[in-house]
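What follows is a single structure, written as structure tokens, with notes after it.
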Ligand code: SF4
């Protein structure tokens with residue numbers, strides 16, 4: 001992944017974290033966000049986010065059942081710095097449920113724009129499958 005694209009995404013994620021800190025949704029440490037099948041949801045990520053996550057993980061994706069995120073270990077996320085937008089905005093807090101979609105859409109629109117700004121073809125796929133796959137060099141030089 002090119003350094004400029006990585007830096008731009010890192011700055012966007014910092015803004016996401018600041019927005020979350022402003023709203024302070026409650027995390028119940030339930031692990032529901034990372035146990036997809038058991039809780040009936042999917043985690044999707046864009047091409048740049050997938051490349052960013054792979055870089056943060058040193059290009060190594062741990063073995064895990066396809067229904068779970070491979071970085072969810074003993075109830076904790078082992079990919080905190082590399083996790084995609086969906087993870088950063090998912091909280092079980094019922095008070096957050098109505099607030100989150102608009103925030104997600106706002107940041108996701110900027111994510112889409114980042115792809116264009118850095119010449120990376122936009123893609124949006126299920127995170128676990130896409131992060132395991134070798135990404136073509138034109139998708140941000142991701143391995
Ligand atoms: S990247 Fe981290 S927060 Fe996101 S699903 Fe995986 S373990 Fe959970």
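Summary table below
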item	result
Search result, residues across segment 101-121 that are closer than 14 Å to residue 15 by Cβ and away from the ligand (no atom under 15 Å from the Cβ)	103, 106, 107, 108, 109, 110, 111, 113, 114
3 or more residues in contact (Cβ under 8 Å) with a residue 12 or more places away in the chain and touching a strand residue (DSSP E or B) at 6+ places or on another chain (Cβ under 9 Å): qualifying helices (runs of 4 or more DSSP H) within segment 1-119	36-39, 47-56, 85-89, 100-117
Residue, nearest to the ligand (Cβ to nearest atom), within segment 50-70, restricted to residues that are within 12 Å of the chain's Cα centre (by Cα) and under 20 Å from residue 9 (Cα atoms)	53
Complete set of residues in segment 109-126 that are under 20 Å from residue 17 (Cα atoms) and crowded, with 18+ Cβ neighbours inside 10 Å	111, 114
Condition met for residue 98 (away from the ligand (no atom under 11 Å from the Cβ), surrounded by 14 or more Cβ atoms within 10 Å (Cβ to Cβ) and farther than 21 Å from residue 10 by Cα)	no
Residue 42 being under 15 Å from residue 88 (Cα atoms), modelled with pLDDT under 85 and surrounded by fewer than 13 Cβ atoms within 10 Å (Cβ to Cβ)	no
Check on residue 26, farther than 18 Å from residue 127 by Cβ and within 16 Å of the ligand (Cβ to nearest atom)	yes
Leading residue by the ranking (nearest to the ligand (Cβ to nearest atom)) among those in segment 71-92 that are closer than 16 Å to residue 41 by Cα and in contact with a helix residue (DSSP H, G or I) (Cβ under 9 Å, 6 or more places away or on another chain)	87
Residues of segment 29-40 classified as at negative phi and more than 10 Å from the ligand (Cβ to nearest atom), total	4
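The values are calculated or read from the model by the stated rules, or taken from the named source; none is laboratory data. Note that the coordinates shown come from a computational prediction; the quantities given were computed from them, not determined experimentally. Note that each Cβ is placed from the backbone with ideal geometry, even for glycine, and that neighbours are counted across all protein chains shown.
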